[in-house]
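Notes follow the structure.
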Amino acid sequence: MPQKPVDTQITVIVGQLWDDTDYKTRETAITYDQAGMDIDIILEKHDGTIVTTAVTLADSGDYLWTHEGHGYYSIVLPASEGASFSNTEEGILRVVGYCNGVLPFGSVAYEIIPTAVYNALVKGTTSLIVDGTTAILAMTGVTAGGTYTFAECMKIIMAALAGTVQDKTGEATTKQYLDLDDGTTVVIERVPAGSTPYRSDTKI
């Protein structure tokens, strides 16, 4: 399903338009003010409600009607302050219509999404920021203000997985795990034991 950004002027494609007599001739000269022209915008919002808005086509500006080729036409929908429809809500958008001399026509369904999401996923001009920290804290039970903060947990994990481990000076049984970034800062100390608990960890 093609996607378009909300709160932005967009162009949608309708068609093809076919002759209603022989059912095979592509109609390439239909004007915005063709006799019987009737255009509706159908928007299915994310809350499940459906709103149908009639628009009046024009030869310039908002609701501009243009033949793009082979019986396909484009319609410009304004970002805001349109005379009837404005692209201000997210959801699934369709255009349907008919006029004298052609069969009923319509567009594909367009998904209207937040502009930031469109720019990141479709245009690739920005990065989509996701609050992964909050999700990880929720899954692990680690709290930002607890004994171990999220940042501390990540430093300990990375030090244990890929960092340097050294003996603590003067205490050969105590192992020190060094920060992966600088290779010198001790992030945690581990003391093995012969009985349960078999080790004792101390945050530095």
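Quick one: would you say D201 is modelled with pLDDT under 85, on the phi < 0 side of the Ramachandran plot and loosely packed, with under 10 Cβ neighbours inside 10 Å? Answer is no for this residue. Whether any residue in the range 41-48 is free of Cβ contacts under 8 Å to residues at least 12 places away in the same chain, exposed (fewer than 11 other Cβ atoms within 10 Å of the Cβ) and of a type outside the set (K, R) is what I want to check. Checked the range 41-48: at least one residue is free of Cβ contacts under 8 Å to residues at least 12 places away in the same chain, exposed (fewer than 11 other Cβ atoms within 10 Å of the Cβ) and of a type outside the set (K, R). Residue count for the range 49-79 under the criterion of being crowded, with 18+ Cβ neighbours inside 10 Å and either over 23 Å from the mean Cα position of the chain (by Cα) or under 18 Å from P104 (Cβ atoms) (or both): the result is 8.
Of all residues in the range 177-193, those satisfying the criterion of being part of a loop (DSSP other than H, G, I, E, B) and among the aliphatic types (A, V, I, L, M) are L180, A193.
Each row is one residue, and each column tells you yes or no for (1) of a type in the set (F, W, Y); (2) assigned to a loop (DSSP other than H, G, I, E, B); (3) under 15 Å from T56 (Cα atoms); (4) without any contact (Cβ under 8 Å) to a residue 60 or more places away in the chain.
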{"residue": "I75", "(1), (2), (3), (4)": "no, no, yes, no"}
{"residue": "A79", "(1), (2), (3), (4)": "no, yes, no, no"}
{"residue": "G82", "(1), (2), (3), (4)": "no, yes, yes, yes"}
{"residue": "S86", "(1), (2), (3), (4)": "no, yes, yes, yes"}
{"residue": "R94", "(1), (2), (3), (4)": "no, no, no, yes"}
{"residue": "G97", "(1), (2), (3), (4)": "no, no, yes, no"}
{"residue": "I112", "(1), (2), (3), (4)": "no, no, no, no"}
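The values are calculated or read from the model by the stated rules, or taken from the named source; none is laboratory data. All of these numbers come straight from a predicted model, not from anything done at the bench. Every residue, glycine as well, gets a Cβ built from its backbone with ideal geometry; the counts of neighbours run over all protein chains shown.
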